[in-house]
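Report on the structure given below.
The values are calculated or read from the model by the stated rules, or taken from the named source; none is laboratory data. These numbers come from a predicted model, not from an experiment. Note that we place each Cβ from the backbone using ideal geometry, even for glycine, and neighbour counts take in every protein chain shown. Only protein heavy atoms, including side chains, enter the accessible area calculation; ligands, DNA and RNA are left aside. Shrake-Rupley method; radii C 1.70, N 1.55, O 1.52, S 1.80 Å.
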Amino acid sequence: MTVIKSDFCALEQLEQWLSLSEDEQDAVVRDLEEQLRGEYVHQYTLSYTNQPSLRVPTFRHLPTGLEFNFIVGGQFNMGFSSQEEAALRRLVKGKELCLDSFDFMRPVHLVQVPPFLISRFPLLNNFAQEHLALYSDDFISDFAEKETDIVPASLTRERIEVLLEKFGFHLPSEVQWEYAYRGGTTTLFYWGDEIPSDEVLEQKILLYEFSDSEKCKAAANPFGLVGMSVGEWCEDSYRPDYTKASENELPGVQEPPYVVRGGAAMAWPWQGCDEWIMCMSAIREKSEFDLPLAGRFVKSINLY
């Protein structure tokens, strides 16, 4: 865990961060960079929504060259709310729901999330090839159409844990992942309650080829994260519901099956709601140890 001993109250609560002016936010980011110096360097701070004050600082991790977004802490209601259920029922318009139950996303519970750094992209195929001992013909991505594509690496739990240990990171807890995916929203999807056109889905929501930097910027969610629909490992063991969920971001027992989040791009083009429900902010799945999936690096930040 990276320890910071300065007073950064605005980084603990999203509402307080949003109340700062641009100059005030920039001053906090400069102080934060000073504390992180030697391992991270500030790249830029951008807004990815029509809310100018929701600006997200991006840092480059010097040992790996990877970009990390700093996620300001805050509280949020984790799980599938009654408002989200109503929005889902409007979308299916009286047809049979493709979920037998919503219990695995409930009860909705309030969680306090401390700030953290998370890689802006899922771990990429070229990064995995560089840092894992792989054979030249090893299968490395579900998404590669040609050899030069910049796409998420598809890694077993064992392989991704090799990378985590090598660079001193951890996977996002399920709480951190949902908080980061929602990006401060409370709607069915992070972009609202409607399903966009196929063009918007392919160019933004379900984007999985990351060679075009401008396209990636346009495809980012409110917290500036790209490619969150490719199916990602979380740190937690899968539990059938949130009955025993804690009020913090700490992951549950770490043994298979594990939590998987955000796999809608893996099923594109969709055939029905069984696929697009995987874009819902609260949706969760489980996976065994040896299924290749994407993942992100996370570094917890202790401000005191």
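With a Förster radius of 22 Å applied to the C-beta separation of Asn50 and Arg90, the computed FRET efficiency comes to 0.40.
Restricting to DSSP H runs of at least four residues, report the calculated mean residue ellipticity at 222 nm for the chain, -39500 (n - 2.57) per run over all residues, nearest 500 deg cm²/dmol. Write out the running numbers ahead of the final one.
Details: 8 runs with 70 residues, N = 304.
Value at 222 nm, helices only: -6500 deg cm²/dmol.
Determine the dipole magnitude for the range 1-132: charges of +1 sit on the beta-carbon of Lys and Arg, -1 on that of Asp and Glu, nothing else is charged, the reference point is the Cα centre, and the result goes in debye to the nearest 20.
Numbers: 11 positive and 18 negative charges, 100 e Å.
The dipole magnitude comes to about 480 debye.
Once you treat every alpha carbon in the range 97-224 as an equal point and sum by Debye, what is log10 I(q)/I(0) at q = 0.10, 0.11, 0.13 Å⁻¹? Once normalised to I(0) and log-transformed, intensities are -0.43, -0.52, -0.72. Taking only the alpha carbons of the range 43-163, we obtain Rg and Dmax values of 19.6, 53 Å in that order.
Solvent-accessible area assigned to carbon and sulfur over the chain amounts to 48 percent, based on a 1.4 Å probe. Distance between the 7 Å Cα→Cβ label points at Asp198 and Asn248: 4.8 nm.
For the range 163-262, the Kirkwood hydrodynamic radius from C-alpha pairs, put into Stokes-Einstein at 10 °C and a viscosity of 1.306 mPa s, yields a diffusion coefficient of 105 µm² per second.
Where Rh denotes the Kirkwood radius from the mean inverse Cα pair distance, what is Rg over Rh for the range 131-200?
Values: Rg = 16.6 Å, Rh = 15.4 Å.
With Rg and the Kirkwood Rh in hand, the quotient comes to 1.08.
Binning the C-alpha pair distances of the range 209-250 at 5 Å intervals from 0 yields a P(r) profile of 5, 16, 18, 17, 13, 14, 10, 7, 1 %, listed from the shortest bin outward.
Please pull out the direction-averaged projected area of the range 244-295, using the convex hull of its alpha-carbon atoms, in nm² to one decimal place.
Details: hull surface 18.7 nm².
Dividing the Cα hull surface by four gives the mean projection, 4.7 nm².
Using the Cβ of Gly231 as centre and a radius below 10 Å, the other residues enclosed give a net charge of -2, where K and R count +1 and D and E count -1.
The three principal axes of the C-alpha atoms in the chain carry coordinate ranges of 54, 49, 39 Å, sorted with the longest axis first. Between the range 212-247 and the range 31-75, the alpha-carbon centres lie 17 Å apart.
If R0 is 45 Å, the Cβ-Cβ spacing of Asn126 and Lys286 corresponds to a FRET efficiency of close to 0.95.
Placing +1 on each Lys and Arg Cβ and -1 on each Asp and Glu Cβ, with no other charges, gives the chain a dipole about its Cα centre of roughly 400 debye.
Averaging the sequence gap over all C-alpha pairs within less than 8 Å and six or more residues apart, then dividing by the number of residues, gives the chain a relative contact order of 24 percent.
Glu247 contributes about 140 Å² of solvent-accessible surface, heavy atoms of the protein only, 1.4 Å probe. A Förster radius of 35 Å combined with the Cβ-Cβ distance from Lys146 to Asp274 puts the calculated FRET efficiency at roughly 0.75. Size descriptors for the range 108-168 (Cα atoms only): Rg and Dmax, in that order, 14.6, 47 Å. With the cut-off at under 18 Å, measuring from each backbone N in the range 64-91 to a point 7 Å along the Cα-to-Cβ line of Gln112 picks out 72-78.
The gain in end-to-end length when the Leu62 to Cys98 segment is fully stretched comes to 8.5 nm, 0.36 nm per residue minus the alpha carbon separation. Net charge within 15 Å of Phe59 by Cβ-Cβ distance, Lys/Arg positive one each and Asp/Glu negative one each, not counting Phe59 itself? The answer is +1.
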